[in-house]
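The values are calculated or read from the model by the stated rules, or taken from the named source; none is laboratory data. The shown structure was predicted, so the numbers you read here are calculated from the model rather than taken from an experiment. Note: ideal-geometry Cβ built from the backbone for every residue, glycine included; neighbour counts use all protein chains shown. Quick note on the areas: whole protein, heavy atoms, side chains included, nothing else; ligands and nucleic acids left out. Shrake-Rupley method; radii C 1.70, N 1.55, O 1.52, S 1.80 Å.
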Amino acid sequence: MTTAKIDFEELFDAAPNPYLVLDADLVIRHANRAYLKVTGRTCEELVGRYVLDAFPDTPGAPDMARDFGASLQRVLDSREPDSVAPKRFDTPVAGRPGELEERWWSGMSSPVLGPDGSVEWIIARAEDVTEFMRSSGMEEFAQLPGTRTAGIAAQVYARSRDLEQLNEQLRQAHAREREVVLTLQEVMLHSPDLDRHRDIAVRYLPALGSLNVCGDWYDVVDLPPDRYSIAIGDVVGHGLRAAAVMGMLRSALSAAIRAIPSPAQALEVLGLYARAVDGALATTVAKVLIDPRSRLIIYSNAGHPPPVLLHPDGSCELLDQATDPPLGARPDHVPRPQAGLAYTRGDTLVLYTDGLIERRDEDIDAGLARLTDTLARFTTLPVQELADTLLSHLGVADGSRDDIALVVVRL
């Protein structure tokens, strides 16, 4: 494939913004078509002339040359771009020799460095801001007594340009930060065993206004010969600190259930570990063990909202017979309760964190009723569609004030 040769001079001339090219002696070496058009000049009038001679002060702008020259000198000295706040510089009126029109300009000059690092060229951009300076808001401002309108207006415009540049830097920083936290989220919530279960859907929504990491979590662990366990948990707080605690607790519980395949005993181990982790106390966790051979759900709950077992006929059962306080709530170690519930093929188990059902100034029972009513309406949906439908019908598909984790299992 042949690459076409790029005519950079033609590209420069075709640029929509007005540009001048100056050498290190501040002599104009080129002006693109947009620059000639907005200033009403010709190449013959500009090229080869010292820039401040080509643009001398006008009666309405006695300090323009001084300020523009100072900006160019800063570029030469610092080898960094420099901007000029709006300044008045009147331009010739077409077809009326000797007559000038009031115009306001803002400028940005950028250096082009040579091989030795010195400034070899300066690209000066001019932006016509006359419309801004003549806007209704500025006209009203100009009528205020004792106000140095032009100076203050220039400062306002300059600050707006500074803010625009800062906003762009913030957008870029936010994009980098978002990439980092999304990677962190993926790593912290990754569950290799989950990939082997097509009948399990998971959803994760951070609280609105927070980073894309939070203290809610889920986990799926396969246990020999053919059992598997599911955990759902909620660390107090939001953001990176809560996420760090979540990561430690999630890993600890995953290890515990592999060594002790009993939900209650695994939560006991996790509770002891949580006492040594700053920020882990008051964490809520629900842990279930599913045995397909006996079709039995064995579970234990540390202060977490009860999972729901949905039957094909639309009826629901709450897994609320083995509920205990959150991690670290008791001063002394006490064995945690455990219960079992039989299921039939085609039942659906739903585990979730409180962000899914809790609403401000509303009893939690109302949220539970809303969840079970919604489940009863959509019993036949595949798990992925059911997960999305729950989020949508409960009004949290776009997020809420609290984090949300959701696991839907077709048994």
### Task
Could you calculate the contour length gain from V112 to L296, that is, 0.36 nm times the residue separation minus the distance between their Cα atoms, to one decimal place in nm?
58.9 nm
### Task
Send over a whole-number figure in Å² for the accessible area per residue of segment 12-60, probe 1.4 Å.
49
### Message
Please compute the length gained on full extension between D313 and D388, using 0.36 nm multiplied by the number of residues separating them and subtracting their Cα-Cα distance.
### Response
24.9 nm
### Query
For D365 and V334, what does the FRET efficiency come to when R0 = 30 Å and r is the distance between their Cβ atoms, rounded to the nearest 0.05?
0.65
### Solvent-accessible area, 1.4 Å probe, carbon plus sulfur percent, for segment 217-329
58
### Query
By its C-alpha gyration tensor, with a ≥ b ≥ c as the square roots of the eigenvalues, how is segment 217-376 shaped: rounded for a/c under 1.5, else prolate for a/b larger than b/c, else oblate?
oblate
## Note on the structure
In Å, the C-alpha Rg and Dmax of segment 294-411 are 14.8, 45
